[in-house]
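Below is one structure, written out as structure tokens, with a few remarks after it.
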Amino acid sequence: MVKTHESTRREWLRLFAAAGASGILVGGPGGAAEAASPVSAVDHLLLGIGDLDRGIAWVEKTTGVKAAIGGTHPGMGTRNALISLGGRRYLEILAPDPAQSAFNSRIDVRALARPRLVTWAAATSDIDAVAKRAHAAGLEVFGPQAGSRARPDGKVLKWRTLGVKGDLAAGGIDPIPFFIQWDADSLHPSQDSPKGCELVAFGIQHPTPAAVRNMLVKLGIEANVKTGERVALSATLRTPNGEVTLA
């Protein structure tokens, strides 16, 4: 029997679910695995800015919620501030760390005068399974690799991330998420970050939307990618200031 693209996709998603990547896939009718929507897949959104204090002030003015300092990323040259987006989701304001002499982050936010969504992270409970199934789908990945940062109170958060190589990023914006699995002993940042906002919609725009959709499907995410002249991400939040959209 010749498999159609749809039957191959469903088979791959079933294998993905069997591997335990529950952070990405949800159960569908009859227990079958279905692709997650972008909102349900989100662990966190990255809002880049060249100066952290300016980013915090902008987010507070826009949403009515003041972000709390998260900490620094040693060796990467960045630091962040966070707000919760409801559930296990949060917004990370990412900026250069002036206390670090070298900048090694693959996400270069140093030249951003205004806050901009630059990429996003998808949650998974089994990152090794994500890597294995991504390889099986013909994708090239880097990682999993360990990461950590110290909170202002001295506690260290630890995680593992997996990146997907591709040529769909442009203008400093990557529509394809990286995957993150938090260590069991690390408190998820959404739990103790300032609350009041909720992520209600997450959109992707790209000059070649079919290419983005196809890669996301291979990663277990079903997205309605819109056609646009440039790559862009948008997030609609319910906030104390009403419904706002970050882009």
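Laid out as a table, the results:
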quantity	calculated
Some residue of region 178-201 being in a strand (DSSP E or B) and either among the basic types (Lys, Arg) or more than 24 Å from residue 223 (Cβ to Cβ) (or both)	no
Checklist (1) among the aliphatic types (A, V, I, L, M); (2) surrounded by 18 or more Cβ atoms within 10 Å (Cβ to Cβ); (3) over 15 Å from residue 150 (Cβ atoms) applied to residue 82, failing item	(3)
Members of region 44-79 that are without any contact (Cβ under 8 Å) to a residue 40 or more places away in the chain and in contact with a strand residue (DSSP E or B) (Cβ under 7 Å, 6 or more places away or on another chain)	56, 77, 78, 79
Output for region 97-108, where each listed residue is over 27 Å from residue 191 (Cβ atoms) and either surrounded by 18 or more Cβ atoms within 10 Å (Cβ to Cβ) or touching a residue at least 60 places away in the same chain (Cβ under 8 Å) (or both)	108
Any hit, region 60-68, residues being basic (Lys, Arg), outside any helix (DSSP H, G or I) and at pLDDT 95 or above	yes
Residue count for region 83-104, restricted to those that are out of contact with any His (no Cβ under 7 Å at 6 or more places or on another chain) and assigned to a loop (DSSP other than H, G, I, E, B)	11
Condition broken by residue 80, with the remaining ones in (1) modelled with pLDDT of 95 or more; (2) more than 27 Å from residue 220 (Cβ to Cβ); (3) touching a Ser or Thr at 6+ places or on another chain (Cβ under 9 Å) satisfied	(2)
Test for residue 94: is it in contact with a Gly (Cβ under 8 Å, 6 or more places away or on another chain), of a type outside the set (Ser, Thr, Tyr) and buried (at least 17 other Cβ atoms within 10 Å of the Cβ)	yes
Criterion violated by residue 26 - all others in (1) modelled with pLDDT of 50 or more; (2) surrounded by fewer than 21 Cβ atoms within 10 Å (Cβ to Cβ); (3) within 18 Å of the chain's Cα centre (by Cα); (4) among the aliphatic types (A, V, I, L, M) satisfied	(1)
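The values are calculated or read from the model by the stated rules, or taken from the named source; none is laboratory data. Fair warning: this is a prediction, and the values are worked out from it, not measured in the lab. Please note: Cβ atoms are built from the backbone with ideal geometry, for glycine as well, and neighbour counts cover all protein chains shown.
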